[in-house]
């Protein structure tokens, strides 16, 4: 089976840094994605990790520890437009299905 | 062209109606997906097509019938739906059906079943 856990909601201030955690349990791990989804819109790809370590892409970074079943998404220099849901998704082997976590709703306040 | 398009954006249908959702991409992707997303819930995989052939059916009821006429188009035919089928239906595509390929999502069709 599989299980993906992330906090339901977070609030942060414009200009600050926020870390959104994701823990997962799955048989046959084959990569972890982070997606951003604004209300009523489609998810958009942010990052992909398959090896341990940190991947940096502009204001967004994603970290993976496979041994701990743990990832985080780091958002720097927060902007109001970063208010959205952030979905952690795990790709499994043996069928290549992607399972999505319930998402973390981030509220950025002025 | 780097987007996935879906039509219609909104659809209201009765339980006896037959309707279709359409999805199109011109990125040369050979894997296409249908997801269902309820409010404040994650997307749930329904179907995956790889090279125009159905690869995954996540035990979806037969009132949902997917079709992939060619590598650019994906349809979802709807018949005799239930009110609980009301949701956002997302189409996605990825270059090749492997673990490393990122899925690109369309804007979705918001379906309401009365």
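Please treat every number below as a calculation from the coordinates, not as lab data. Quantities reported herein were computed from a predicted structural model and do not represent experimental measurements. Glycine also receives a Cβ, built like all others from the backbone with ideal geometry; neighbour counts cover every protein chain displayed.
In nm, to one decimal, how far is the residue B:55 label point from the residue A:16 one, both placed 7 Å along Cα→Cβ?
About 4.1 nm separates the two model spin labels.
Contact order normalised by length for chain B, with contacts defined as Cα pairs under 8 Å and 6 or more residues apart; what percent is it?
37 percent
Could you work out the Rg to Rh ratio of region A:11-110, with Rh taken as the Kirkwood radius (inverse of the mean 1/r over all Cα pairs)?
0.97
Between rounded, prolate and oblate, where does region B:1-84 land on the alpha carbon gyration tensor, with a ≥ b ≥ c its root eigenvalues, rounded for a/c under 1.5, else prolate if a/b exceeds b/c?
Prolate shape, in that a/c is at least 1.5 and a/b is the bigger ratio.
State the three equivalent ellipsoid semi-axes of the protein assembly as shown, derived from the C-alpha gyration tensor as the square roots of 5 times its eigenvalues, in descending order and whole Å.
30, 20, 16
Determine the distance separating the Cα centre of region A:41-102 from the Cα centre of region B:1-54; give it in Å without decimals.
Rounded to whole Å, the Cα centres lie 23 Å apart.
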